[in-house]
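Worksheet for the structure shown next.
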Amino acid sequence: MKQSGERYVDIFQTAVESAAYGIVTMDSTGMIGTANPAVARMFGHEAERLVGQNLRMLIPAPFDEEHDRYVANQRDPVLVSIVGTKREVRGVRREGQSFPVELAVSEAATEAGLVFVGILRDITEQKEAEAAIRQRSALLHAVVDTAVDGIITIDASGAIQSANPAVERIFGYRPTELIGQNVRMLMPAPYHQEHDSYLANYLQTGHRKIIGIGRQVSGLRKDGTTFPLDLAVSETATPSGRIFTGVVRDISERLEAIELGLAKEAAERANAAKSEFLSRMSHELRTPLNSVLGFAQLLDMRYDDVEIREAAHSILKAGKHLLNLINEVLDLSGIEAGRLALSLEPIPVASVLEQAIDLLRPLAEGDGIQVVLDMRVDEDALVLADRQRLLQVIINLLANGIKYNRRHGMVEVLCESVGDSVNLKFRDTGAGITPANQAKLFQPFERLGNATVEGTGLGLVLSRRFVELMQGSISLLKSGPDGSVFAVELRRARMRPLEPVTKSRRPGRRERIFAAGRILYIEDNLANLKLLEMTLSKWPHIELIPATYGSTGLEVAESVIPDIILLDLHLPDIGGAEVLQRLRSNPLTAAIPVVVISADATPGQIGHLRDAGAYDYLTKPIDINALLDVLEVLMPRRDPSA
Ligand code: ADP
């Protein structure tokens with residue numbers, strides 16, 4: 001049995017040798033007295049070799065010199081401060097690699113003098129782990145700081161622990177104004193009042209409304225305004241208690257965009273309904289007009305009795321006025337709904353002016369008015385325009401100059417080139433428009449007290465819309481007791497037109513010659529059938545076959561193979577569009593020209609049926625001469641020698 005003192009030393013020695021920490025002693029000259037195996041492992045030396053060596057061999061440059069200094073002056077304040085404390089220093093392994101070491105130094109007075117004891121721990125791994133944590137946390141901070149969404153954390157009492165910069169942008173508070181405050185400050189009533197009890201209730205019962213779910217709520221900005229936001233809340237348990245993280249996103253703009261989209265959709269639906277309504281109205285109004293104008297034309301053609309013809313003219317005049325009104329209202333609403341697309345092309349302005357003057361010559365001559373055209377541009381000068389609509393504008397201004405003129409007055413049309421424009425001036429010798437009335441020009445249905453003169457009050461409004469769609473302008477240049485000047489500015493075009501489209505109108509009471517032939521008329525309105533029957537009765541060798549149903553029309557077409565099919569669109573059984581499609585897809589009937597005659601005169605419908613293979617599209621009320629023109633083209637002509 002060993003003495004207890006010896007045993008104590010034994011135990012102590014064993015403890016030192018098996019310690020995980022390095023333990024090294026040094027005498028006052030800096031020499032290593034003892035080093036345990038942990039020191040040897042740590043530095044890569046053999047323990048026995050260390051004893052008697054200067055301890056500086058374990059210290060890398062430049063710290064080794066410092067060590068020499070301390071040893072030389074043991075009362076050095078730095079050395080004094082090291083003793084009894086724990087600090088981080090650097091060690092050097094045998095292969096020369098330096099590494100971080102945690103060092104605690106104590107001193108002991110022994111019989112052999114002062115001895116310093118160092119306890120060492122290799123903290124390489126700990127340092128690496130710390131660096132990794134620091135890097136992760138820097139990354140996390142960068143993500144949170146640059147996030148577009150606001151990120152707020154609160155503790156279980158509702159106190160804000162952190163808020164990223166996006167929160168400042170969204171709510172208008174600086175993060176320092178938020179930290180430590182209750183999160184309800186960011187909520188308007190009633191959430192403001194309810195939040196505390198909601199949180200308490202959740203903590204007690206686990207009953208959740210938002211946590212882990214997310215929903216749309218209202219936010220309260222620092223300036224007192226409220227706004228919609230998406231909120232997602234998650235919960236985390238931390239050593240210091242539960243933390244709730246709220247991710248908030250201001251969705252005002254998104255909601256506005258959605259609302260805008262809905263409003264646009266509603267407007268588009270309303271527009272579609274309006275178009276539908278107009279198309280129906282157009283049909284409903286034109287159908288009776290069809291009979292009125294059709295039979296009036298027949299009376300005018302058939303009878304030479306002055307009274308009958310005068311009556312027929314009155315009917316035609318009133319009917320045409322109504323038709324104009326319908327057409328103009330349709331055009332106007334078409335423009336407003338953005339449905340009326342113009343096809344802009346380089347158009348020779350002279351030919352349009354000449355055509356308009358030709359068309360209005362009878363009107364001018366009726367009032368003894370002289371129309372003069374003063375062309376001061378090349379005969380083939382081009383303007384950017386939709387030919388049909390430009391003609392409509394010019395006719396309207398010219399007709400106004402004639403209608404609102406004095407008897408035997410004059411209308412002068414001047415066409416000149418100014419820069420990149422072609423300007424048209426319409427000068428009349430009428431009574432002029434008073435300044436008060438000038439302000440009302442270009443407004444729908446404003447007749448300016450001219451009720452006795454025929455008109456709709458829509459011509460100028462439409463003209464302005466059309467000219468603007470052609471990237472031009474229209475205005476009243478001046479007006480006084482000597483007359484008025486209206487000006488139209490059009491954009492000059494440089495390219496040549498592909499093909500001038502002038503349709504020459506044939507005179508009305510001309511002898512027409514038809515060969516024998518068969519016309520199938522698919523139409524359910526008996527007045528229209530009667531009108532055509534009476535019209536064609538002049539040519540007994542033309543057989544008119546009526547069909548009042550789409551289905552019977554198809555059967556007759558297949559068995560008879562007529563020369564022409566006239567097709568109404570509103571039939572009691574199948575729609576005219578489908579009849580057309582079936583006729584085109586049946587090899588027996590595919591080649592027969594189909595002329596659609598319908599009261600639905602919207603441009604979309606006309607284009608649609610032309611695309612579907614209709615040869616022509618005539619609108620009701622039927623212009624008998626226009627119909628005869630088409631028949632003349634499509635029916636075989638009578639061979640005069642036969
Ligand atoms: P409408 O001729 O069908 O009535 P407009 O829109 O073309 O429709 O013209 C609107 C009104 O402006 C006319 O009713 C008329 O009172 C007046 N007006 C138009 N042009 C002239 C003109 N050259 N001279 C006098 N008044 C005019």
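The values are calculated or read from the model by the stated rules, or taken from the named source; none is laboratory data. These numbers were taken from a predicted model, which means no experiment stands behind them. Please note: Cβ atoms are built from the backbone with ideal geometry, for glycine as well, and neighbour counts cover all protein chains shown. SASA here: full protein model, heavy atoms, side chains in, ligands and nucleic acids out. Shrake-Rupley method; radii C 1.70, N 1.55, O 1.52, S 1.80 Å.
Each of GLN443 and ILE123 was given a label point 7 Å from its Cα along the Cα-to-Cβ line. The distance between the two points is 8.9 nm. For the residue pairs LYS320/LYS403; LYS530/LYS620; LYS425/LYS478, alpha carbon separations are all held to 19 Å or less. Within the shell of other residues whose beta carbon sits under 14 angstrom from the beta carbon of ARG584, the net charge comes to -1, with Lys and Arg scored +1 and Asp and Glu -1. Taking the charge dipole of the chain about its Cα centre, with +1 at Lys and Arg Cβ atoms and -1 at Asp and Glu Cβ atoms, the residue from PHE466, SER137, ILE357 reaching farthest to the positive side is ILE357. Working note: Karplus 6.51/-1.76/1.60 with θ = phi - 60° gives the stretch 124-133 the couplings 4, 5, 4, 5, 5, 5, 5, 4, 5, 5 Hz, where Gly and Pro are set to x. Considering only DSSP beta bridges with both partners in the chain, what is the antiparallel share in %, to the nearest 5? Bridges in the chain are about 75 percent antiparallel. Spin-label pair SER218-ALA266: with each label point 7 Å from Cα along the Cα-Cβ axis, the two points sit 2.1 nm from one another.
With a ≥ b ≥ c taken as the square roots of the eigenvalues of the C-alpha gyration tensor of the stretch 3-52, please select rounded if a/c is under 1.5 and otherwise prolate if a/b is larger than b/c or oblate if it is not?
Judged from the Cα gyration tensor, the stretch 3-52 comes out oblate (a/c at least 1.5, b/c at or above a/b).
For the stretch 571-612 versus the stretch 121-142, the spacing of their alpha-carbon centroids is 80 Å.
Given the rule -39500 (n - 2.57) for each run of at least 4 DSSP H residues, summed and divided by the residues of the chain, what is its mean residue ellipticity at 222 nm, to the nearest 500 deg cm²/dmol?
Using -39500 (n - 2.57) per qualifying helix, the result is -14000 deg cm²/dmol.
For the stretch 61-136, the set of GluC sites (Glu not before Pro) satisfying both a DSSP loop assignment and a count of at most 12 other C-beta atoms within 10 Å is given as GLU95, GLU111. Oblate is the label for the stretch 124-165. Its Cα gyration tensor axes, ordered a ≥ b ≥ c, give a/c of at least 1.5 and b/c at or above a/b. Taking the longest Cα principal axis of the chain as reference, the axis of helix 63-72 is set at about 30 degrees. Look at where the Cα atoms of the stretch 465-486 and of the stretch 143-196 average out, and the two centres are 63 Å apart. For the pair GLU543 and ALA527, the difference between a 0.36 nm per residue extended length and the Cα-Cα distance amounts to 4.0 nm.
Counted residue by residue at 0.36 nm each, then reduced by the alpha carbon distance between them, the extension gain from LEU342 to SER240 reaches 29.4 nm.
Near MET410, once Lys and Arg are set to +1 and Asp and Glu to -1 for all other residues with Cβ below 15 Å from its Cβ, the sum equals 0. Put simply, when 461-470, 385-394 are sorted by average Cβ atoms within 10 angstrom per residue, most first, you get 385-394, 461-470. Rounded to the nearest Hz, the phi-derived 3J(HN,Hα) couplings of the stretch 220-234 under the Karplus curve 6.51 cos²θ - 1.76 cosθ + 1.60 (θ = phi - 60°) are 10, 7, 4, 7, x, 7, 10, 7, x, 9, 8, 10, 10, 10, 10, where x marks glycine and proline. Charges were assigned to the Cβ only: +1 to each Lys and Arg, -1 to each Asp and Glu. The resulting dipole of the stretch 154-294 about its Cα centre is roughly 160 debye.
Sorted into 10 angstrom bins from 0, the C-alpha pair distances of the chain split as 3, 10, 13, 11, 9, 8, 8, 7, 6, 5, 6, 6, 5, 2, 1, 0, 0 percent.
Here the peptides 266-275, 243-252 are ranked by packing, the mean other Cβ count within 10 Å, and the order with the highest first is 243-252, 266-275. Let me know the shape class of the stretch 1-124, please: from the alpha-carbon gyration tensor, a ≥ b ≥ c as square roots of the eigenvalues, rounded when a/c is under 1.5, otherwise prolate if a/b is greater than b/c, or oblate. It comes out oblate by the Cα gyration axes.
Between ASP10 and ALA132, what FRET efficiency follows from the Cβ-Cβ distance if R0 is 41 Å, with the result rounded to 0.05? Step by step, r from the Cβ atoms, then E = 0.45.
Counting only protein heavy atoms and using a 1.4 Å probe, the accessible area of SER585 comes to about 80 Å².
Does a label point 7 Å from the Cα of MET375, set along Cα-to-beta-carbon, have any residues of the stretch 340-362 with amide nitrogen under 15 Å, and which are they? Under 15 Å, as judged by backbone N against the label point of MET375, lie 347-358 of the stretch 340-362.
Taking the simple approach of a point 7 Å from Cα along Cα-to-Cβ for both LEU469 and HIS408, what is their distance in nm? So the two model labels end up 4.2 nm from each other.
The angle between the Cα long axis of helix 526-536 and the main principal axis of the chain comes to about 50°, on a 0 to 90 degree scale.
Where does helix 459-469 land angle-wise versus the long Cα axis of the chain, in degrees 0 to 90, nearest 10? For helix 459-469, the angle is close to 40 degrees. For the pair the stretch 12-82 / the stretch 296-336, the C-alpha centres are spaced 122 Å from each other. Taking amide hydrogens as modeled 1.01 Å from N in the peptide plane, which residues meet the under 5 Å criterion relative to ASP386, leaving out close sequence neighbours? Here GLU345 satisfy the definition. Here the chain is assigned +1 on the Cβ of each Lys and Arg and -1 on the Cβ of each Asp and Glu. Its dipole about the Cα centre then comes out at about 840 debye.
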